[in-house]
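In what follows, a single structure is set out as structure tokens and then discussed.
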Amino acid sequence: MSRVLLIGWDGADWRILDPMLDQGALPNLQALIDRGHRSVLKSTIPTHSWAAWPSFMTGVDPADHGVYDILETVPGTHKQYPVTYKSIKERTFLADLSAAGKEAVYADLPLTFPPPDIKGKLIAGGVLPKGPAFTWPHDLAGRLDKAGVPWPINGMSWTTYRNKPDAYLAEALDVTAKRIRATEWMMDNTDWDFLMSVWVSVDRTQHCLSNYIGPDHPDYPTLSKTPRYQKVVDVFRQLDDALGSFVSKADEDDTILFISDHGFQSCSRAVHMDHLLAKLGYLKFDVSNVIYGPLQWGPMRAVARKAYDLLGLHGKVSLKQPVSWKNTKAYTSIRSTGEGVSINLAGREPDGIVDPGDFERVRDEVMDALASFTDPDTGKTPVKAIYKREEIFKGRHADAAPDILMEPAEQYSLTHAKTAIEAADWLAGDHRIDGVIVAAGPNVSEFTEPPLLIDMAPTILAALDGPASVEHTGRVLHEVVGSEANVRAGEAAGTAQVSEDETTVTDTEADEMEEHLRGLGYLE
Ligand SMILES: [Zn+2]
């Protein structure tokens, strides 16, 4: 039986890759495309990695796995914690492959902390606390250290390197080089059936430096001619070299997949959704915003942190949304991207003020106000599309979804601003739905229509003849596995996804994860 090798470039988009391919900067990716077929791969709504990768892992939409944002709310409270692997409320293909006895390797797959108990090796991806084990088996990190190929966690924080692109690029190349060596070691030291690695330097770099490589960025014509342009392309060249190395370690009849979890568009303007709701008259900030507000920004943050520690607030209320709930009708409920807004509904929210009888009217009003808001500096609308929850989400966990969902217009991010609307500061790019896929292997044929990210789990299981315990919303991509292969419906094997001794994150761990999320600009 052929094996499956999957390389994920988080956030890769043909808009950015094609000019590099045309210049011959990505010869190994070009060779893979020449051997197989390429297409757009459609992501999820919302289009961020924390909703997308669980959709990849489960083959179902966020409404069925329940992860909509990097934070999840403790029901009946305003307390929020960073999401973890345990937040995924559907069984993943990792568990199914493991139950089928397949040996697998996962490197840096986002949202795999705490590391699940699987057959094979796993290095948790996403945002990690510094203390607890981030690998499966737990001693894998130590074995990598001993082998001289230690795995560096986290890193590449934009706010640390805000307006210091050369220092950022040096760290991105350094961290990634170490991860490539560790991944090669795992490839060489595992008898794998399935091996996947995700590379986040593409996403991180495109967020802060799309103005060099995104042809639709207004500064691209100038910046792409500066010496730094080649340094930004080096981030992609490094991963292209690694792609060549990984593919060379695979067999001729292995199936190779190259994907991204979402695409990217350039940004020159940014919105802060809570501030916009305040400007539109639907939200009032709490006085605490005066203290919490500056945390995100540069040197102020360290000072504020210290004050925070002295006041004993650290890790307790730090994820608090600085909103005066008794004066607020609508608030941002996907805080990482600003793509979701909810109504402060009485009976559902801890301090809800909107009567259930007024829900539809208030929601329509908020939707009209958001959709018709124009940027005073450009005359453009930042919101490209707006939906009611039930138009997008129908699954078992749809109740937890935002009441209103939005897609940002071109050149706009709905997050990462300090005020309602402003020129983007360090941000040069943000997510869009159209990601990428390349497939090569013995059964691969041309894609007839763009596949979906949720097609990957059934496709991987079909390729490896692993029975599925989940009714996938996505389909088996016969363009990848051939017309014969299908997913066998399997009994749920009943194995716990995370071993029993691992509980949900502690306040301290949540705090460390949150610190890193701040570094990535996702929290204020
Ligand atoms: Zn991103």
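Couple of notes before you dig in:
- Restricting region 193-214 to residues that are among the hydrophobic types (A, V, I, L, M, F, W, C) and either within 16 Å of the ligand (Cβ to nearest atom) or surrounded by fewer than 20 Cβ atoms within 10 Å (Cβ to Cβ) (or both), the residue that is farthest from the chain's Cα centre (by Cα): Ile213
- Out of Leu414, Leu370, sole residue that is in contact with a helix residue (DSSP H, G or I) (Cβ under 7 Å, 6 or more places away or on another chain), surrounded by 15 or more Cβ atoms within 10 Å (Cβ to Cβ) and among the hydrophobic types (A, V, I, L, M, F, W, C): Leu414
- Exactly one residue among Val366, Val436, Val354 is in contact (Cβ under 8 Å) with a residue 60 or more places away in the chain and more than 25 Å from the chain's Cα centre (by Cα), and that residue is Val366.
- Identity of the residue in region 249-267, over 15 Å from Ser43 (Cβ atoms) and among the aliphatic types (A, V, I, L, M), that ends up nearest to the chain's Cα centre (by Cα): Leu257
- Set side by side, the residues Trp136, Trp185 differ, and just one is within 29 Å of Ser87 (Cβ to Cβ) and either at pLDDT 90 or above or of a type outside the set (Lys, Arg) (or both), which is Trp136.
- Summed over region 426-453, the residues that are open to solvent by 10 Å² or more (accessible area, probe 1.4 Å) and away from the ligand (no atom under 16 Å from the Cβ) give a count of 11.
- Flag if Ser245 is away from the ligand (no atom under 16 Å from the Cβ), open to solvent by 20 Å² or more (accessible area, probe 1.4 Å), part of a helix (DSSP H, G or I) and not aromatic (Phe, Trp, Tyr): yes
- Single residue of region 225-238 satisfying the filter (open to solvent by less than 50 Å² (accessible area, probe 1.4 Å) and touching a helix residue (DSSP H, G or I) at 6+ places or on another chain (Cβ under 7 Å)) that is farthest from the ligand (Cβ to nearest atom): Tyr229
The values are calculated or read from the model by the stated rules, or taken from the named source; none is laboratory data. These numbers come from a predicted model, not from an experiment. Positions of Cβ are backbone-derived with ideal geometry, glycine not excepted, and every protein chain shown enters the neighbour counts. Remember, those area values only see protein heavy atoms, side chains included, never the ligands or the DNA or RNA. Shrake-Rupley method; radii C 1.70, N 1.55, O 1.52, S 1.80 Å.
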